[in-house]
1. Please tell me if Glu318 is assigned by TED's automatic domain parsing to the domain that holds Cys146 and within 30 Å of Ala277 (Cα to Cα).
2. Taking the options Glu129, Glu142, Glu203, name whichever one is under 23 Å from the mean Cα position of the chain (by Cα) and more than 30 Å from Pro356 (Cβ to Cβ).
3. Given the structure, is Glu129 assigned to a helix (DSSP H, G or I), of a type in the set (D, E, K, R) and either surrounded by fewer than 19 Cβ atoms within 10 Å (Cβ to Cβ) or free of Cβ contacts under 8 Å to residues at least 60 places away in the same chain (or both)?
4. Can you tell me which residue in the stretch 291-319 is farthest from the chain's Cα centre (by Cα), limited to those that are open to solvent by 30 Å² or more (accessible area, probe 1.4 Å) and among the polar types (S, T, N, Q)?
5. Evaluate the stretch 296-316: report whether one residue or more is closer than 25 Å to Leu134 by Cα, of a type in the set (D, E, K, R) and outside any helix (DSSP H, G or I).
6. Within the stretch 62-94, restricting attention to residues that are open to solvent by 30 Å² or more (accessible area, probe 1.4 Å) and part of a helix (DSSP H, G or I), which residue is nearest to Leu334 (Cα to Cα)?
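The values are calculated or read from the model by the stated rules, or taken from the named source; none is laboratory data. Since the structure is predicted, the reported quantities are computational estimates derived from the model, not experimental observations. Ideal geometry is used to build each Cβ from the backbone, glycine not excepted, and the neighbour counts take in all protein chains shown. Just so you know, the surface numbers come from the protein's heavy atoms only, side chains and all, with ligands and any DNA or RNA stripped out. Shrake-Rupley method; radii C 1.70, N 1.55, O 1.52, S 1.80 Å.
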Amino acid sequence: MKRRQFLGRVGAVGAVGMASSLSAPALLSSTRAAFAQGDDIPVGVLFSLTGAVAVVEHTLHDATLLAIEEINAAGGVHGKQLRPIIEDPASDPATYADRARRLMIRDKCVSVFGSYTSASRQAVLPVTEQRNNLYWYPTLYEGRECSRNVMYGGAVPNQQQDDLIPWAIENFGPRFYMIGNNYVYPKEENNYCKSLLSKLGGEVVHEEYVPLGHSDFSSVINRIRAEEPDVIFATVVGDSDVAFARQYHAAELDPAKMPVISLTRSEVEVKAIGGEAAAGHFSSAPYFMGHNTPENERFVENYKARFGADQVTHFVSEAAYFQVYQFKAALEKLDPSEITPAAIRDAAVGLTLNAPQGEVLIDENLHTHLWPKIGQWQSDGQAKVLIQSEERVAPKPYAAYEGQTCTGQGLVKA
């Protein structure tokens, strides 16, 4: 797909609060020359617009562009406009790496915003580290990573499960049926869930993985009938989640007795599932579209105005949006001649920002302090928030691995 033209400007800038400045490291000569001579700030936008994950990634692309447009409409940064350079990696990990390299070397982008799957992030990671660039990754993920070149905007397991699992046991019972797609994210999330269940007196009655894109869940439904679990703990994603939810509903299973509790189901999947089939089930996430804050009201209003009244926001598009504002806030702490990826990273640590979900903070480990919520899906396709954390929850990407901690210096092993 050819690069899309940069379109329109809408909206207003969200409120940002910043911690004290941090010193910037030595500059990269090629990047310094580019910014000394340029009238704008080039940033990479690396989300799939075609291929298997485009159905989700195009919403992250749109949210990223919306934030860029809002910032530019308000005057940009240091009097310079942010110039998005768009590449379509076409849902292929090898292409992500190739396009990231192009953005960092040819286009001299000092940051790249991109991707949804862990496979794509892991493909880009060595390129980013080799170039000492900065990759802003908005997606919830499995943790067990501690790079100094990735800004992690999504939830890690402790931020989705520490409240969810005790709540699920208390309200429905201790017997869990685990169903996920067969790749690293579901397996790591399930490992963390099992560690919580062992502490809380819960048990796993069955654990099962299906291929990505799997669509026939008849055998899974039959096993669920036979096992009669209290909770179905789901980490199926995308089209698989849509198929599973529809077949659960068609089988006339009862969410009041054995609900699906998902870490991955958002407004995007629920829109595809249909409100009636999704109603009564639960998701754990830092953000839901119906969250009542002025920042979220502006985000949803501007997103719909820009991309269509029938569009929905969700917990990954929200992070894609606020990460651009975190980037802006970091740039504002630097002299224009000091703008490099490493300087941006160091300036970003400790930043707070009033995101649509609430005030978020960038930890020294480059992950984000977030606001866990438990929502129950309603027939209108929106989630009713039942539980919200009383305070921001710190990210612990190695919570499942005793003796390992991600710090500002990197991974530390006891």
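1. yes
2. Exactly one of Glu129, Glu142, Glu203 is under 23 Å from the mean Cα position of the chain (by Cα) and more than 30 Å from Pro356 (Cβ to Cβ), namely Glu129.
3. On the way: assigned to a helix (DSSP H, G or I): yes; of a type in the set (D, E, K, R): yes; either surrounded by fewer than 19 Cβ atoms within 10 Å (Cβ to Cβ) or free of Cβ contacts under 8 Å to residues at least 60 places away in the same chain (or both): yes.
So Glu129 fits the description; yes.
4. Asn292
5. Looking for residues that are closer than 25 Å to Leu134 by Cα, of a type in the set (D, E, K, R) and outside any helix (DSSP H, G or I), one finds none in the stretch 296-316, hence no.
6. Filtering the stretch 62-94 for residues that are open to solvent by 30 Å² or more (accessible area, probe 1.4 Å) and part of a helix (DSSP H, G or I), the one nearest to Leu334 (Cα to Cα) comes out as Ala73.
Residues are listed down the side, and each one gets a yes or a no for (1) out of contact with any strand residue (DSSP E or B) (no Cβ under 7 Å at 6 or more places or on another chain); (2) under 21 Å from Cys193 (Cβ atoms):
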residue: Val236; (1), (2): no, yes
residue: Lys257; (1), (2): yes, yes
residue: Pro286; (1), (2): no, yes
residue: Glu295; (1), (2): no, no
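Residues checked against (1) free of Cβ contacts under 8 Å to residues at least 40 places away in the same chain; (2) closer than 30 Å to Gly202 by Cβ:
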{"residue": "Ala243", "(1), (2)": "yes, yes"}
{"residue": "Met258", "(1), (2)": "no, yes"}
{"residue": "Tyr287", "(1), (2)": "no, yes"}
{"residue": "Glu301", "(1), (2)": "yes, no"}
{"residue": "Phe307", "(1), (2)": "no, no"}
{"residue": "Phe315", "(1), (2)": "no, yes"}
{"residue": "Val324", "(1), (2)": "no, no"}
{"residue": "Ala330", "(1), (2)": "yes, no"}
{"residue": "Ser337", "(1), (2)": "no, no"}
